[in-house]
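Data block below; observations after.
The values are calculated or read from the model by the stated rules, or taken from the named source; none is laboratory data. Owing to the predicted nature of the structure, the values given are computational and were not obtained by experimental measurement. A quick note on method: Cβ atoms are made from the backbone with ideal geometry, for glycine too, and the neighbour counts reach across all protein chains shown. SASA here: full protein model, heavy atoms, side chains in, ligands and nucleic acids out. Shrake-Rupley method; radii C 1.70, N 1.55, O 1.52, S 1.80 Å.
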Amino acid sequence: MATGSVQPFRLVDVGAQVSGQIKVIHVKLGERVQKGQLLAEIDPTLSQNDLRAAEASHESTLAQRRGAEAALRQAELGLERQTLLQAGDAAARQDLEAAQAQLAAARASLESLDAQIKGSLISIETVRARLAYTRIVAPMDGEVIALVSREGQTVVASQQAPVILRLADLASVTIRAEVSEADVIRLREGQAVPFTILGNADKHYRGNLRTIEPAPSGYTGDAGRASDAVFYNVLFDVPNPGRELRLAMTAQVNIVTDEADGALLIPVAALGARLPGGGADVQVLDAAGQPTKRRIRTGVTDNVRVQVLEGLREGERVVLAEAAVTPDEDEPGFPFGLGN
């Protein structure tokens with residue numbers, strides 16, 4: 001047995017990747033949203049201006065490249081002319097070398113502008129992405145469980161992404177229960193986990209153990225223990241189509257470590273001395289109503305009732321307890337507390 005709490009199957013903090021004033025929030029608390037749905041908008045004015053500036057810078061670089069192409073063509077023609085003149089000994093060697101240097105400089109200038117154009121395109125893509133970040137969309141299907149920021153509030157995303165709202169997937173929920181160290185060694189993944197909630201103790205929900213966390217609650221990695229009482233968190237998932245299970249509800253959990261169908265049962269209080277291998281002694285009423293000692297073999301128990309594998313038949317009566325008898329009673333040793 002353990003006490004747990006209802007937690008979302010998936011929880012996402014939806015934040016802003018750009019700074020600015022929240023212009024509008026399109027959803028309400030508790031609203032169900034779909035992946036890709038527009039949740040909020042941040043004032044895009046600054047990002048739009050940055051995009052215009054980046055595009056203008058790109059156009060300027062393209063214009064410079066066109067000028068560099070013209071200069072390169074002129075340098076190529078100049079070199080051709082100096083080469084012809086040099087072949088006819090009509091020009092100085094120095095003029096030919098100058099034309100060659102001018103052509104190399106023109107080519108280098110064009111290559112530099114090509115690199116600047118690549119950089120300006122990257123800048124445009126970056127600014128466009130930043131502009132797109134002003135429209136905040138849902139990263140998954142879920143429900144709005146918290147509105148952390150408000151319309152008109154300014155968010156600053158220079159150091160960390162500020163949270164605007166929280167989304168949770170409540171179509172399935174996760175129950176996180178604490179199990180003591182004495183019991184956790186009996187648990188295995190896949191075991192059945194029935195539980196109830198305080199608001200409806202008559203309805204039983206059911207899941208299967210998914211995970212046993214390796215470290216106890218509050219463990220920080222230090223050599224010492226986190227506390228005197230050591231509890232481990234176990235998690236299991238439960239479908240929640242009707243949204244009956246709400247976040248932070250308390251769950252009364254019973255983890256089934258073993259089970260038996262069609263079992264013959266007696267109260268645990270009827271057991272006497274316990275023996276190795278599941279044996280025990282009980283007092284059974286004979287045909288004359290007198291208690292006689294009998295050895296039985298037991299099976300599964302829930303600490304209230306115990307399964308009888310051998311030694312008893314259905315319908316036999318076992319003694320739960322015997323009370324002391326006062327001296328003035330007519331029949332000393334009268335059995336007390338008999339039960340099926």
Show the residue pairs meeting these rules: Cβ distance below 6 Å; 6+ apart or different chains; first residue within region 59-76 and free of Cβ contacts under 8 Å to residues at least 12 places away in the same chain; second residue open to solvent by less than 50 Å² (accessible area, probe 1.4 Å) and in a helix (DSSP H, G or I). none
The correct count of residues that are surrounded by fewer than 15 Cβ atoms within 10 Å (Cβ to Cβ) and either of a type in the set (S, T, N, Q) or not in a helix (DSSP H, G or I) (or both) in region 71-86 is 2
Would a scan of region 108-120 turn up a residue that is hydrophobic (A, V, I, L, M, F, W, C), open to solvent by 40 Å² or more (accessible area, probe 1.4 Å) and either under 26 Å from F231 (Cα atoms) or touching a residue at least 12 places away in the same chain (Cβ under 8 Å) (or both)? no
I want to confirm something. Restricting to region 145-173 and keeping residues that are β-branched (V, I, T) and more than 28 Å from Q48 (Cβ to Cβ), which single residue is least open to solvent (accessible area, probe 1.4 Å)? V173
For residues that are farther than 14 Å from I255 by Cβ and either hydroxyl-bearing (S, T, Y) or assigned to a strand (DSSP E or B) (or both), scanning just region 194-204, find the one that is nearest to the chain's Cα centre (by Cα). I197
The condition from (1) outside any strand (DSSP E or B); (2) surrounded by fewer than 15 Cβ atoms within 10 Å (Cβ to Cβ); (3) modelled with pLDDT under 95 that A56 misses is numbered (3)
For region 256-279, indicate whether the set of residues that are under 26 Å from the mean Cα position of the chain (by Cα), open to solvent by less than 60 Å² (accessible area, probe 1.4 Å) and either of a type in the set (A, V, I, L, M, F, W, C) or under 30 Å from G142 (Cα atoms) (or both) is non-empty. yes
Specify which of the listed residues (D89, D50, D95, D43) is in contact with a strand residue (DSSP E or B) (Cβ under 9 Å, 6 or more places away or on another chain) and among the acidic types (D, E). D43
Among A287, A248, which is over 16 Å from V193 (Cα atoms) and in contact with a Ser or Thr (Cβ under 7 Å, 6 or more places away or on another chain)? A248
Positions within region 183-211 being β-branched (V, I, T) and closer than 19 Å to S172 by Cβ, in sequence order: V193, T196, I197, T211
Hey, V256 hits all of (1) touching a Pro at 6+ places or on another chain (Cβ under 8 Å); (2) outside any loop (DSSP other than H, G, I, E, B) but one; which does it fall short on? (2)
From A229, A251, residue being over 20 Å from V173 (Cα atoms) and hydrophobic (A, V, I, L, M, F, W, C): A229
Is it true that some residue in region 220-228 is of a type in the set (V, I, T), open to solvent by 60 Å² or more (accessible area, probe 1.4 Å) and at pLDDT below 95? yes
Any idea which of G190, G207 is under 14 Å from I255 (Cα atoms), of a type in the set (G, A, S) and outside any strand (DSSP E or B)? G190
How do the strands (runs of 3 or more DSSP E) wholly within region 265-317 filter down when requiring 2 or more residues that are under 24 Å from R186 (Cβ atoms), touching a Gly at 6+ places or on another chain (Cβ under 7 Å) and among the β-branched types (V, I, T): which remain? 291-301
Picking from R130, R186, R135, the residue that is closer than 30 Å to P214 by Cβ, touching a residue at least 60 places away in the same chain (Cβ under 8 Å), open to solvent by 40 Å² or more (accessible area, probe 1.4 Å) and within 31 Å of the chain's Cα centre (by Cα) would be R186
Give the residue that is most open to solvent (accessible area, probe 1.4 Å), with candidates limited to residues of region 24-52 that are in a helix (DSSP H, G or I) and out of contact with any helix residue (DSSP H, G or I) (no Cβ under 8 Å at 6 or more places or on another chain). R52
